[in-house]
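Each remark here refers to the structure printed beneath this line.
Bear in mind these aren't lab numbers, they're just calculated from the coordinates by the rules spelled out. Just so we're clear, the structure is a prediction, and the values are computed from it rather than from any experiment. Cβ placement follows ideal geometry from the backbone for every residue including glycine, while neighbour counts extend to all protein chains displayed.
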Amino acid sequence: MSTVLFLCTGNYYRSRFAEILFNYHAAHQKVPWRADSRGLALNTRNLGHMSEFTISRLSRLQMPVDQYLRDPKDLSLVDLNAADHIVAVKEAEHRPLIARRFPDWLEKIEFWEVHDIDCAGPEVALPQLEKQVIELMLRLKDFPMDRS
């Protein structure tokens, strides 16, 4: 099974939504990929395991979240090495963070432009992210990675 790793700032809202959405659809469509997610600059002021906006949107889409209720996780070199494909959900926000922490990885990451809550509400950002996640899954569907 190949792994796609979604990155955002806090691993609380966008990357968690992308992870759960990808895994739900990949399982139902028998895509040989699994998603995980990490954060680049965790915010200890977040309330709970995951954004209420993420939980609410996934609930409306009838996707279970219970198995994903965990604290946000910080990105490590181990995570990057374990991933077959990496997506940072907002280039303008995440490229500088990656450049500071993992500069050798910049060219190996696919960058999107999905705004955080400070620039776009969840009613805009999450549907945009959903569209991009589905498009990515369809691109990866026929390209399982061989790690040997």
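Couple of notes before you dig in:
- Binned Cα-Cα distance frequencies in the chain - 5 Å width, integer %: 2, 10, 21, 24, 22, 15, 6, 1, 0
- The chain: calculated mean residue ellipticity at 222 nm from DSSP helix runs of at least 4, using -39500 (n - 2.57): -12500 deg cm²/dmol
- Within the shell of other residues whose beta carbon sits under 14 angstrom from the beta carbon of HIS28, the net charge comes to +3, with Lys and Arg scored +1 and Asp and Glu -1.
- Take each peptide in 15-21, 133-139, 98-104, count the other Cβ atoms within 10 Å of every residue, and average; sorted highest first, the result is 15-21, 133-139, 98-104.
- 3J(HN,Hα) along region 49-64, derived from phi through the Karplus expression 6.51 cos²θ - 1.76 cosθ + 1.60 where θ = phi - 60°, amounts to 7, 8, 4, 4, 5, 5, 4, 4, 5, 5, 5, 5, 7, 6, 10, x Hz, with x in place of Gly and Pro.
- Under 5 Å from the amide H of ILE86 lie the amide H atoms of LEU5, GLU110, each residue being 5 or more positions distant or on a separate chain, with H modelled from the backbone and absent for Pro and chain starts.
- Cross-link pairs beyond the 24 Å C-alpha cut-off, checked among LYS73/LYS141; LYS30/LYS108; LYS90/LYS131: LYS73/LYS141; LYS30/LYS108
- In this structure the amide hydrogen of THR9, modeled in the peptide plane, comes within under 5 Å of the amide hydrogens of LEU40, none closer than 5 places in sequence on its chain.
- Taking the centroid of alpha carbons for each part, region 28-69 and region 100-117 are 19 Å apart.
- If R0 equals 25 Å, the separation of the Cβ atoms of GLU91 and ASN43 corresponds to a calculated FRET efficiency of about 0.80.
- Backbone phi angles across region 72-87, fed through the Karplus curve with coefficients 6.51, -1.76 and 1.60 (θ = phi - 60°), yield HN-Hα couplings of x, 10, 7, 5, 10, 4, 4, 4, 4, 5, 7, 8, 8, 8, 10, 10 Hz in residue order; Gly and Pro are listed as x.
- DSSP assigns beta bridges within the chain; of those with both partners inside it, close to 5 percent run antiparallel.
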